[in-house]
Structures are given as C-alpha cells and as structure tokens.
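> Below are the structure tokens for one structure; questions will follow.
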Amino acid sequence: MDGVYRDSEAGVKSSRPDFTLMGQLRATIFRSWINILFLMIPVGIALNFMHINPVATFITNFVAIIPLAAMLSDATEQIAYHIGETLGGLLNATFG
C-alpha cells in the first residue's frame, strides 16, 4: 500500500505509515543507535550455555540490559503522557 491510505468515502489520501508488526519492530529497533546492543542478548545466552567465564557472561548480559532499560523508560513516559499527571508520576516512580 506504499504507506498511503484512501478514505473509502471521500477518496482522500493520507500519509499515515502502515501499522504492521514488522513496521513497529523496525521502528523500535532502529530508533536509536544504542539499540544495536540488542545483539548482545543472544551472545550472552550463548556464553552461558558454552560455560564461558562467568565474568564475561555477566558483562555481556549487563551490556544487553542497557537498551532494554532505555526502552522501558521511554514506554513509561509515553504511557504517563496518556494517563495523566498523577498516575503518570506513580508509574515513573515505580518503573523508572
């Protein structure tokens, strides 16, 4: 559909992007350069199963948490924006 929608009644074009699962995953992963650290998640799992040095496994998994923490922070801010100041403050205090 090339990212262009047509209103079936009026024939008006809209420039909204397609809302698909792959589109949302792509937007989430490529939104920030720090998300490249998501590649460390399978590396950390592999290091664990290969019984490599536990310190190396810990450091790898520690680095893998960084983009997850950033994503959680962004998600709580977005939800807080929509649910109001009081509940948003509670949500931010709970999840960071």
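The values are calculated or read from the model by the stated rules, or taken from the named source; none is laboratory data. Quick caveat: nothing in here was measured; it's all calculated off a predicted structure. Because the Cβ atoms are built from the backbone with ideal geometry, glycine has one as well, and the counts that use them run over all protein chains shown.
> Would you confirm, using the coordinates I've provided, whether Ala69 is in a helix (DSSP H, G or I) and either exposed (fewer than 14 other Cβ atoms within 10 Å of the Cβ) or on the phi > 0 side of the Ramachandran plot (or both)? Reasoning before the result, please.
Values: in a helix (DSSP H, G or I): yes; either exposed (fewer than 14 other Cβ atoms within 10 Å of the Cβ) or on the phi > 0 side of the Ramachandran plot (or both): yes.
It is true that Ala69 is in a helix (DSSP H, G or I) and either exposed (fewer than 14 other Cβ atoms within 10 Å of the Cβ) or on the phi > 0 side of the Ramachandran plot (or both).
> Just to be sure before I move on: is Phe38 under 20 Å from the mean Cα position of the chain (by Cα) and either surrounded by 14 or more Cβ atoms within 10 Å (Cβ to Cβ) or modelled with pLDDT of 85 or more (or both) in the structure I sent?
On the way: under 20 Å from the mean Cα position of the chain (by Cα): yes; either surrounded by 14 or more Cβ atoms within 10 Å (Cβ to Cβ) or modelled with pLDDT of 85 or more (or both): yes.
Yes: the conditions hold for Phe38.
> So, in the range 5-33, exactly how many residues are loosely packed, with under 12 Cβ neighbours inside 10 Å and at pLDDT 75 or above?
Matching residues across the range 5-33 total 9.
> Show the residue pairs that are 6+ apart or on different chains and have beta-carbon atoms under 6 Å apart, the first residue being within the range 54-75 and more than 30 Å from Gly89 (Cα to Cα) and at pLDDT 90 or above, the second being polar (S, T, N, Q) and surrounded by 14 or more Cβ atoms within 10 Å (Cβ to Cβ).
Thr57/Asn48
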